[in-house]
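Visitor: Please read through the structure below; I'll follow up with questions.
What follows is calculated from the coordinates using simple rules that are stated; it is not laboratory data. All values derive from a computational prediction rather than experimental measurement. We place every Cβ from the backbone using ideal geometry, glycine too, and count neighbours over all the protein chains shown.
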Amino acid sequence: MVDFIPVNEPLLNGNEKKYLNECIDTGWISSEGPFVKQFEEKFAQTVGRKQAIAVSNGSVALDAAVVALDIQPGDEVILPTFTIISCGAAIVRAGAVPVVVDCDRHTWNMDVEQIEAKITPKTKAIMVVHIYGLPVDLTPILELAKKYGLKIIEDAAEMHGQTYKNKPCGSFGDISTFSFYPNKHITTGEGGMIVTDDDNLAQRCRSLRNLCFQPQKRFVHEELGWNLRFTNLQAAVGVAQLERLKEFVAKKRRMGQRYTEQLAHISQLELPLVKTDYAESIYWVYGVVLRDDVPFDATEAMEQLRQQGIGTRPFFWCMHEQPVFLKMGLFSGESYPVAERLARRGFYVPSGLGLTDEQLDRVVQGVKTLF
Ligand SMILES: *Cc1c(COP(=O)(O)O)cnc(C)c1O
């Protein structure tokens with residue numbers, strides 16, 4: 001039996017060990033250590049924002065963003081149905097109502113044409129989520145936000161190093177968020193970042209991150225926060241990873257290109273779009289979609305690949321088909337065919353930064369045997 005190829009392996013062979021040793025040697029391991037501030041400052045610079053607030057993961061970054069923007073019970077927030085649960089959960093936990101739109105068949109991102117029809121007097125924000133490698137087409141969304149006075153929450157968890165019309169992803173939202181889970185382009189094991197240009201919003205996020213302790217009356221609370229603090233150990237890894245962002249993006253693009261070249265002739269597969277007129281994919285993951293005439297679905301394809309020692313993951317399951325939301329009475333009777341099809345026919349293959357060319361070629365051979 002040949003070695004199993006995991007769906008993701010991170011690359012940690014830069015200064016990670018050196019900086020971690022500094023933490024241990026100096027005893028700074030909590031959120032008070034110097035790497036946290038350094039990582040926040042360098043990250044803010046990288047995405048061209050005034051403020052960055054490191055938090056424990058990308059999901060809670062969204063929770064804090066929604067609360068910081070004062071989204072209240074009964075308010076509506078528009079988001080793509082094709083995304084991770086974290087997006088819908090952040091809205092629902094704030095008592096607000098998630099309102100979804102379908103996605104574009106080619107970019108897999110939210111269909112911007114469908115947004116305006118979903119805007120009501122209760123709409124407070126649009127949560128844009130960049131999916132899998134290509135950013136959302138932001139210009140029309142920013143125009144809608146301006147026209148209707150809506151806030152933008154930008155989930156850029158998968159977009160480290162990506163740009164939209166040459167401006168960094170993560171620089172477009174009133175608040176934008178990132179994740180540093182090991183399958184993202186930059187990892188800290190677990191971790192997340194909130195970025196903004198608004199000092200008041202940043203202040204609120206810092207307070208929410210730290211249980212809403214008050215500087216003067218520490219244990220007297222006007223508001224409930226969370227403990228979302230990010231440790232110096234995580235930040236040490238983050239600083240080392242950030243040093244290599246450009247290299248990592250280039251490597252992901254090479255991997256994406258290699259997959260596309262080798263899979264392009266397989267008529268049964270739809271491959272990820274290489275570029276649009278506003279961005280070139282950074283292949284957060286390399287996703288493939290089984291064409292409609294393929295007599296099996298993604299679940300079966302993934303099982304076959306597993307038997308060949310190849311790890312995969314299914315695509316996102318739509319928000320409007322989540323049992324947890326249906327039980328709450330949300331999305332009753334709603335249907336979004338493009339996203340439903342992607343969820344059933346799409347999966348992604350190993351595409352972590354640690355993947356070697358030999359492994360990639362073995363994955364290609366495995367995918368070919370499906371047909
Ligand atoms: C990974 C991801 C998140 C969640 O980040 P975690 O750090 O795993 O909590 C949120 N949104 C998107 C789009 C993601 O891909």
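Visitor: Mean-square fluctuation check for the chain, GNM, Cα pairs under 10 Å: which of E154, E76, E300 is largest?
Guide: Sorting by GNM fluctuation, first place goes to E300.
Visitor: If we count other beta carbons within 10 Å of each Cβ, what is the order of T312, T81, fewest first?
Guide: So the ranking, lowest neighbour count to highest, is T312, T81.
Visitor: Does segment 245-369 come out rounded, prolate or oblate, given a ≥ b ≥ c as the square roots of the eigenvalues of its C-alpha gyration tensor, rounded meaning a/c under 1.5 and, failing that, prolate meaning a/b above b/c?
Guide: prolate
Visitor: What does the charge add up to near V99, with Lys and Arg as +1, Asp and Glu as -1, over the other residues with Cβ less than 13 Å from its Cβ?
Guide: Once all neighbours under 13 Å are counted, the net charge is -2.
Visitor: Using the per-residue mean of other Cβ atoms lying within 10 Å as a proxy for protection, in what order, highest first, do the peptides 15-26, 279-290 fall?
Guide: With the highest mean Cβ count within 10 Å placed first, the list reads 279-290, 15-26.
Visitor: Using modelled amide H (1.01 Å from N, peptide plane; none on Pro or chain starts), what sits under 5 Å from the amide H of I131, excluding residues fewer than 5 places away?
Guide: Answer set, sorted by chain and number: V136.
Visitor: With respect to the cross-link table entries K124/K252; K37/K217; K151/K252; K118/K327, which display a Cα-Cα separation exceeding 27 Å?
Guide: Distance filter (> 27 Å) returns K124/K252; K151/K252.
Visitor: Of all DSSP beta bridges in segment 61-161, what percent run antiparallel (nearest 5)?
Guide: 15
Visitor: Under the 0.36 nm per residue contour assumption, what length would be gained going from the current alpha-carbon distance of D361 and K275 to full extension?
Guide: 28.7 nm
Visitor: Restricting to bridges with both residues inside the chain, how much of the DSSP beta-bridge set is antiparallel, in percent to the nearest 5?
Guide: 60
Visitor: Test of understanding: in a Gaussian network model of the chain with alpha carbons linked when under 10 Å, which of D137, D75, D293 would top the mean-square fluctuation ranking?
Guide: Greatest mean-square fluctuation among the candidates belongs to D293.
Visitor: For the chain, what is the mean residue ellipticity at 222 nm derived from helices alone (per DSSP H run of n ≥ 4: -39500 (n - 2.57); sum divided by total residues; nearest 500 deg cm²/dmol)?
Guide: -11000 deg cm²/dmol
Visitor: Now for a separate question. Residues with beta-carbon under 12 Å from that of L228, excluding L228: net charge, scoring Lys, Arg +1 and Asp, Glu -1?
Guide: Spelling it out: positives minus negatives among the neighbours equals +1.
Visitor: Here is a further query. Cα centroids of segment 96-163 and segment 228-270: how far apart, whole angstrom?
Guide: Segment 96-163 and segment 228-270 have Cα centres separated by 23 Å.
Visitor: Highest mean first, how do 317-327, 142-152 rank when packing is the count of other Cβ atoms within 10 Å averaged over residues?
Guide: 317-327, 142-152
Visitor: Around T26, under 14 Å between beta carbons, what's the net of Lys plus Arg minus Asp minus Glu among the other residues?
Guide: -2
Visitor: Shape call for the chain from the C-alpha gyration tensor, a ≥ b ≥ c root eigenvalues: rounded (a/c under 1.5), prolate (a/b greater than b/c) or oblate?
Guide: oblate
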